[in-house]
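The values are calculated or read from the model by the stated rules, or taken from the named source; none is laboratory data. Here the structure is a predicted model, which means the values were calculated and not measured. The protein model used for the area step is the full one, side chains on, heavy atoms only, and it has no ligands, DNA or RNA in it. Shrake-Rupley method; radii C 1.70, N 1.55, O 1.52, S 1.80 Å.
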Amino acid sequence: HKLFRQIRYMRRTASVNIVENEGSEKDGGIPHAPAAFGDYEKREFCGVFGIYSFAGKGVAHDVYMGMMNLQHRGQDSAGAATSDGREISVVRELGFVGSVLRQENLSKLPGHVGIGHVRYPTIGAGGVEDTQPVESEVGGRRFALAHNGNISNYGRVRKIMEQSGSKFCSSCDA
């Protein structure tokens, strides 16, 4: 009976947003989990999709199909990034998957590896700068990143990173 309750709890927490606070100064700012099921709020959040073709075939259409199946997870923006192992191509805009990943944009996404993202805004202003995947470079290596979830102490971490010289190109936590 106890095992059944734990499984049921795990299922429930996998499909809900755990409402957290950033903690207080006295406890070191550690977030607290809610005390009871009543503290949970069901929400849909961003959707992320990834694919790799071992045969080396283009994956842009597969990313599109994956994102269409995740459209219910976010309606604010959509985007995709693909790579052929040398170059990264990114398309990201405000809007639904069908309008962002239209045929003319899919043709701009060559490569055998790809990721896609649909956004449900929880943090950030929600402008085009918050769309994903984001493309960046660290140590001379380029990469694309799609993120799903919230970083509970985002405000504090961002402030510390900005004080140490980091630059941010969006207002969200990705």
Inset, instruction - Could you go through segment 94-105 in sequence order and give the Karplus-derived ³J(HN,Hα) for each residue, using 6.51 cos²θ - 1.76 cosθ + 1.60 with θ = phi - 60°, rounded to whole Hz, and x for Gly and Pro? - result: 6, x, 7, 3, x, 8, 7, 9, 6, 3, 4, 7
Legend entry - Ranking by accessible area, most exposed first, for F45, F96, F54, F143 with a 1.4 Å probe: F54, F96, F143, F45
Legend entry - Average accessible area per residue (Å²) across segment 60-145 - probe 1.4 Å, nucleic acids and ligands excluded: 50 Å²
Legend entry - In Å², nearest 10: area of I115 left accessible to a 1.4 Å probe: 40 Å²
Legend entry - In Å², nearest 10: area of K159 left accessible to a 1.4 Å probe: 120 Å²
Inset, instruction - On the full set of protein chains, 1.4 Å probe, figure out the accessible area of H72 and give it in Å² to the nearest 10. - result: 110 Å²
Inset, instruction - Subtracting the Cα-Cα distance from 0.36 nm times the residue separation, let me have the gained length for F45 to E162 in nm, one decimal. - result: 39.4 nm
